1. Taking 7 Å along the Cα-to-C-beta vector as the label spot, tell me the residue 205-residue 156 distance in nanometres, rounded to one decimal.
2. Residue 170: accessible area at probe 1.4 Å, nearest 10 Å²?
3. How big is segment 30-172 in terms of Cα radius of gyration and Dmax, in angstroms?
4. Quick one: what Rg and Dmax do you get for the chain from the alpha carbons, in Å?
5. Does segment 151-252 come out rounded, prolate or oblate by the C-alpha gyration tensor, with a ≥ b ≥ c the root eigenvalues, rounded set by a/c under 1.5 and, if not, prolate when a/b is larger than b/c and oblate if not?
6. Return the whole-Å distance between the Cα centroid of segment 178-214 and the Cα centroid of segment 1-16.
7. Order the following by accessible area, largest value first: 149, 44. Probe radius 1.4 Å; ligands, DNA and RNA are ignored.
8. With a 1.4 Å probe and every protein chain kept in, tell me what percent of the accessible surface of the chain is carbon plus sulfur.
Amino acid sequence: MQDLDALIRQIDSSRIPRHVAIIMDGNGRWANLKGLPRSAGHAEGVSAVHRATEFSSDMGIRFLTLYAFSTENWNRPQQEVDTLMHLIGWAIERELPELLRNNVRIRLIGDIDRIPDDARRRLLDAEKATEHCTGLTLGMCLSYSARWEITEAARRLASKAQKGEIAPEDISESVFDSHLATAGIPDPDLLIRTGGEHRISNFLLWQIAYSELYFTPVLWPDFDKEAYARAIIDFQSRERRFGMTSAQVQNK
């Protein structure tokens, strides 16, 4: 196995992805493999979030968006949901001093009103406390799904049209984009999914239209800086054409 320094030397610093999005999958399976309760996997997943955030900052990535809790996750056993909500609130409060030291801004994305009061308060406090930070923007997708997000954007635009605030013919892609929960955040250059699954699971469906997709069998608690570096190296090996030919890209 290559060490981190050797992997970083393979990374072209001029081609770092501006925005990386991650589907953090495999906490439960990690715990099961070790004979531990699922809650132990989620707790270990917090350490992986810390590593990914630190590495993103160190590499000059400007936006890191993490799929922390989906709309569908509310259907999990109540005890697991309660544990996750407590863990999320506790973790963000614990990490806040270091986030501030590292100039990291928190951005909450999702139906935050559904989150229990204590966890919601801690999350909103962290978002408020970091709003002045100008380094990495850490997007936390909580109680989020892409279909929820797109539906909400459509409702807001329909309401505006009904009130005469916007004409239907003026609804362009950019106008629609500005009504999404991720408004103001550029589309991901790279989407990583850990845990070995090869699906998107209702995550940023609008935004990943031209993202590079990277699937790894590494379970989220084991996703370390070396695994992250390999994902970036793989990203840099690809030619991003955005509908153009290779010749057009090379002549830009």
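The values are calculated or read from the model by the stated rules, or taken from the named source; none is laboratory data. Note that this is a predicted model, so its numbers are computed, not measured. Because the Cβ atoms are built from the backbone with ideal geometry, glycine has one as well, and the counts that use them run over all protein chains shown. Just so you know, the surface numbers come from the protein's heavy atoms only, side chains and all, with ligands and any DNA or RNA stripped out. Shrake-Rupley method; radii C 1.70, N 1.55, O 1.52, S 1.80 Å.
1. In this crude spin-label approximation the distance works out to 1.8 nm.
2. 90 Å²
3. Spelled out, the Cα radius of gyration and Dmax of segment 30-172 are 17.6, 59 Å.
4. 18.9, 61
5. oblate
6. 24 Å
7. Working: 149 0, 44 65 Å².
I get 44, 149, largest accessible area first.
8. On the way: 6270 of 12870 Å².
Ligands and nucleic acids excluded, carbon and sulfur give 49 percent.
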